[in-house]
Amino acid sequence: MYSKCPGQDMRNLRISVHKCPNCGAEVEIFSDEIRVKCPKCKKYVYKERVPSCIEWCTSAPQCLGKEKWEELMGTKKKEPG
């Protein structure tokens with residue numbers, strides 16, 4: 001059994017504003033996100049790259065749940081349609 005990761009506690013989430021490198025729009029990224037789509041141009045905006053436990057920890061898929069881990073890592077397959 002895994003204990004809840006403190007980074008997933010909603011009380012510990014932080015937000016930062018990043019500039020989209022494609023269109024220059026301001027994009028909000030929460031501390032539990034690696035990337036988000038720009039609301040203006042729909043291109044991905046990434047945080048400054050600091051390795052996250054999501055990327056290197058072998059228990060991350062179990063800790064976060066496989067679906068959330070795949071979503072954050074960008075490997076989740078999209079449903080057809």
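General observations
- A straight chain from residue 36 to residue 53 at 0.36 nm per residue would run longer than the Cα-Cα distance by 4.3 nm.
- Loop-resident sites, the stretch 30-68, for GluC sites (Glu not before Pro), counting at most 13 other Cβ within 10 Å (DSSP): 48
- Taking θ as phi - 60° and the Karplus parameters 6.51, -1.76 and 1.60, the scalar couplings of the stretch 28-42 work out to 8, 10, 7, 5, 8, 10, 9, 8, 9, 7, 5, x, 8, 10, 6 Hz in sequence order, x denoting glycine and proline.
The numbers here are math on the coordinates, done by the rules we state, and not lab data. As the structure is a computational prediction, the values presented were derived from the model and not from experiment. Cβ: placed from backbone, ideal geometry, glycine included. Neighbour counts: every protein chain shown.
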